[in-house]
Amino acid sequence: MLDVILADGTIESFDYGVPKRVTYKPEGTLILRFGKDTATVEGSNLQRVRQAVTEGRARIILEGTEAEEGLKPEDAAHIDRIAIKEGDEEL
């Protein structure tokens, strides 16, 4: 399972066994599809996150804060926002 942890502490777990598709957009967006559910991840330097997810190695991804971003190396991944869409509902 991949745990997606939101800033408010909510944890959504997605099954790696469900057919999925991952879309990476270099401007800072990663779209993870697990069946009909979608998690849209926005941030910076998300290439390593994409690779870990597509290889099934990621255990968690979590929203960070501005303060945390300032403490990370310039090339480190940082997630500003995660939006989860269940089934056919709007983001």
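The values are calculated or read from the model by the stated rules, or taken from the named source; none is laboratory data. Because the structure is predicted, anything quoted here is derived from the model rather than measured. Note that each Cβ is placed from the backbone with ideal geometry, even for glycine, and that neighbours are counted across all protein chains shown. For the accessible areas, the whole protein counts, side chains as well, though only heavy atoms, and no ligand, DNA or RNA atoms are used. Shrake-Rupley method; radii C 1.70, N 1.55, O 1.52, S 1.80 Å.
Assorted remarks:
- E12 of a type in the set (D, E) and either assigned to a loop (DSSP other than H, G, I, E, B) or open to solvent by less than 50 Å² (accessible area, probe 1.4 Å) (or both): no
- The residue list R33, R21 contains one member that is in contact with a strand residue (DSSP E or B) (Cβ under 7 Å, 6 or more places away or on another chain) and open to solvent by less than 80 Å² (accessible area, probe 1.4 Å), which is R33.
- Complete set of residues in the range 26-41 that are of a type outside the set (G, A, S) and within 18 Å of A58 (Cβ to Cβ): T29, L30, I31, L32, R33, F34, D37, T38, T40, V41
- Considering residues of the range 15-37 that are assigned to a strand (DSSP E or B) and over 19 Å from H78 (Cα atoms) only, the residue nearest to the chain's Cα centre (by Cα): R33
- Residues in the range 52-65 that are open to solvent by 80 Å² or more (accessible area, probe 1.4 Å) and more than 10 Å from the chain's Cα centre (by Cα): E55, R57, R59.
- Failed condition for L2, given (1) surrounded by fewer than 14 Cβ atoms within 10 Å (Cβ to Cβ); (2) aliphatic (A, V, I, L, M); (3) within 12 Å of the chain's Cα centre (by Cα): (1)
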